[in-house]
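Visitor: Below is one structure. I have some questions about it.
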Amino acid sequence: MMRHAPATERNREPLLAVLREVLPSSGVLLEVASGTGQHAAFFARAFPGLSWQPTDGDAGALESIDAWRAAEGTPNLLPARVLDASSDAWPVEHADAMLCVNMIHIAPWAACQGLMRG
């Protein structure tokens, strides 16, 4: 169930360095296109004051995200939710920050447009 992406292991530390400079210390973070869930598990642990809301449009990704969540036991990592970035209906009403890593280069243009509207 837990998917693994080698790129996540390579890019998580450089991303973390930037996120430490720009993310709020508390609130809700909406992660769009959470994929395997590796980033969500890693970053949620690094930002205990943020409620980390992972999302994805793929059922297999949602299972993987929740498997990472269960394995890590990070209390601020919320259950994965379905989000189609190209849709106008998003599963959250408010977020203090939003993160999207590794989606734009593989997604349809409509997903990029939806991400910008969201």
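The values are calculated or read from the model by the stated rules, or taken from the named source; none is laboratory data. Fair warning: this is a prediction, and the values are worked out from it, not measured in the lab. Because the Cβ atoms are built from the backbone with ideal geometry, glycine has one as well, and the counts that use them run over all protein chains shown. Accessible surface areas use protein heavy atoms only, side chains included; no ligands, DNA or RNA. Shrake-Rupley method; radii C 1.70, N 1.55, O 1.52, S 1.80 Å.
Visitor: Any idea which residue in the stretch 31-62 is most open to solvent (accessible area, probe 1.4 Å), counting only those that are farther than 14 Å from ASN102 by Cα and among the charged types (D, E, K, R)?
Guide: The selected residue is ARG45.
Visitor: How many residues does the stretch 1-14 hold that are assigned to a helix (DSSP H, G or I), open to solvent by 50 Å² or more (accessible area, probe 1.4 Å) and either more than 26 Å from MET116 (Cβ to Cβ) or hydrophobic (A, V, I, L, M, F, W, C) (or both)?
Guide: Residues in the stretch 1-14 being assigned to a helix (DSSP H, G or I), open to solvent by 50 Å² or more (accessible area, probe 1.4 Å) and either more than 26 Å from MET116 (Cβ to Cβ) or hydrophobic (A, V, I, L, M, F, W, C) (or both): 4 in total.
Visitor: Considering each residue of the stretch 72-101, count those that are of a type in the set (A, V, I, L, M, F, W, C), in contact with a helix residue (DSSP H, G or I) (Cβ under 7 Å, 6 or more places away or on another chain) and not in a loop (DSSP other than H, G, I, E, B), and give that number.
Guide: 3
Visitor: Still on this structure, I have one more. Do you know which residues across the stretch 12-55 are among the polar types (S, T, N, Q) and over 14 Å from the mean Cα position of the chain (by Cα)?
Guide: SER25, SER26
Visitor: Restricting to the stretch 95-118, what's the tally of residues that are within 14 Å of the chain's Cα centre (by Cα) and within 20 Å of ALA5 (Cβ to Cβ)?
Guide: 7
Visitor: Now for a separate question. With VAL18, VAL22, VAL32, VAL28 as the choices, which residue is within 13 Å of ALA80 (Cβ to Cβ) and β-branched (Val, Ile, Thr)?
Guide: VAL32
Visitor: How many residues does the stretch 23-45 hold that are in contact (Cβ under 8 Å) with a residue 60 or more places away in the chain and in a helix (DSSP H, G or I)?
Guide: So the answer is 1.
Visitor: How many residues are over 12 Å from the mean Cα position of the chain (by Cα) and either open to solvent by less than 70 Å² (accessible area, probe 1.4 Å) or farther than 17 Å from VAL101 by Cα (or both) if we restrict to the stretch 70-84?
Guide: Qualifying residue count for the region: 7.
Visitor: Next question, about the same structure. Might you let me know whether the stretch 58-65 holds any residue that is more than 15 Å from the chain's Cα centre (by Cα) and in a loop (DSSP other than H, G, I, E, B)?
Guide: no
This table checks each residue for (1) of a type in the set (D, E, K, R); (2) out of contact with any Phe, Trp or Tyr (no Cβ under 8 Å at 6 or more places or on another chain).
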position	(1), (2)
ALA46	no, yes
TRP52	no, no
ASP58	yes, yes
ILE65	no, yes
GLU72	yes, yes
PRO79	no, yes
VAL82	no, yes
GLU93	yes, yes
ILE106	no, yes
